[in-house]
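Q: Before anything else, here's the structure in question.
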Amino acid sequence: SAYLLILIIALGIFLRFYNLNEESYWLDEGATGLAVKKYTALQIVNNVKGHGQILPGYYYYNDDLPLYYVLLKGWTSIFGLNDFSLRAFSAVFGSLALIVIFYLSRYLFDEKTAFLATFLSSINLTLIWYSQEARQYSYLLFLSMLSLIFLWKSLREDKTKYIAGLLIVNAFIIYSHFPWLIFIAFEGLYALYVIYNDCTKKNIL
């Protein structure tokens, strides 16, 4: 089964890195590249803090928060600033998301379902497309799936390390993309629902 998982993930990695720099940038990718090229990590943070934007005067989009760009800045300082390296950051997280999807599916269902979910995710055209763009999509997918794992483990196993993991991952999400607060809010509602049901069964409420 380990060999099958390796093959499925290898397929997903290949599809995400194949022809990674073939297409030219579209507007939002250009904004990502310009922000990373034009500003230091501290300046990116200050832009959001002072102007509410990653690229004040260039790109009027207020949903972006600095953490993704700061991490990407560090990535490009190691691997260079070009089409391939900017998109490779997304491709890496898109590939890592496959591992998390397998683990989450197996945790919630069974191994057969996990293999099927991982295979379908590895060849899913939308997930491949988003993994090949210099934007936050695959990065946020990975963090969101990881957050769900910590959420369910913290509710089912009630261990401090899972609660800590949930808080850390959600902090990364919050400081990367503002609309993802909706995702975290739904996690909170689900947690309250589970806790309420548990208390009702134990006749605490």
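Q: Would you mind classifying the chain by shape? Square roots of the alpha carbon gyration tensor eigenvalues, ordered a ≥ b ≥ c; an a/c under 1.5 is rounded, otherwise it is prolate if a/b is larger than b/c and oblate if not.
A: The shape class here is oblate.
Q: Right, next: Could you work out [θ]222 nm for the chain from helices alone, using -39500 (n - 2.57) per DSSP H run of at least four and dividing by all its residues? Round to the nearest 500 deg cm²/dmol.
A: -25000 deg cm²/dmol
Q: Also, I was wondering about something else. Would you mind calculating the gained length between ARG156 and THR113 on full extension (0.36 nm times residue separation, minus the Cα-Cα distance), in nm to one decimal?
A: Here the segment from ARG156 to THR113 would lengthen by 13.4 nm.
Q: Can you grab the distance from the C-alpha centre of segment 116-160 to the C-alpha centre of segment 22-93, Å, no decimals?
A: Taking the Cα centre of each part, segment 116-160 and segment 22-93 sit 21 Å apart.
Q: Follow-up question, since we're still on this one. In nm, what is the difference between 0.36 nm times the number of residues separating ALA185 and LEU27 and their Cα-Cα distance?
A: Here the segment from ALA185 to LEU27 would lengthen by 53.9 nm.
Q: In percent, what relative contact order does the chain have, based on Cα pairs under 8 Å that are 6 or more apart in sequence?
A: This gives 23 percent for the chain.
Q: With a point put 7 Å past each Cα toward its Cβ, work out how far LYS49 is from CYS199 in nm, to one decimal.
A: The modelled label-to-label distance comes out at 3.8 nm.
Q: At a probe size of 1.4 Å, how large is the accessible area of ILE168, to the nearest 10 Å²?
A: 100 Å²
Q: Starting from the Cα gyration tensor of segment 99-205, take the square roots of the eigenvalues, sort them a ≥ b ≥ c, and report rounded, prolate or oblate (rounded when a/c is under 1.5, otherwise prolate if a/b is larger than b/c, else oblate).
A: Oblate shape, in that a/c is at least 1.5 and b/c is the bigger or equal ratio.
Q: A follow-up question, please. Using a 7 Å offset from the Cα along the Cα-to-Cβ direction at both LEU11 and LEU167, what is the distance between the two label points in nm, to one decimal?
A: 4.1 nm
Q: Let me ask something additional. When a/c reaches 1.5 or more, the comparison of a/b and b/c decides; with that in mind, is segment 102-146 rounded, prolate or oblate per its Cα gyration tensor?
A: Oblate, since a/c reaches 1.5 and b/c is not below a/b.
Q: Excluding same-chain pairs closer than 8 in sequence, count the lysine pairs in the chain whose Cα atoms lie under 22 Å apart.
A: Number of lysine pairs found: 11.
The values are calculated or read from the model by the stated rules, or taken from the named source; none is laboratory data. The structure presented is a predicted model; accordingly, all values stated were derived computationally and were not measured. All Cβ positions, even for glycine, are placed from backbone atoms using ideal geometry, and neighbour counts span all protein chains on display. We work out accessible area using only protein heavy atoms, side chains counted, and drop any ligands, DNA or RNA first. Shrake-Rupley method; radii C 1.70, N 1.55, O 1.52, S 1.80 Å.
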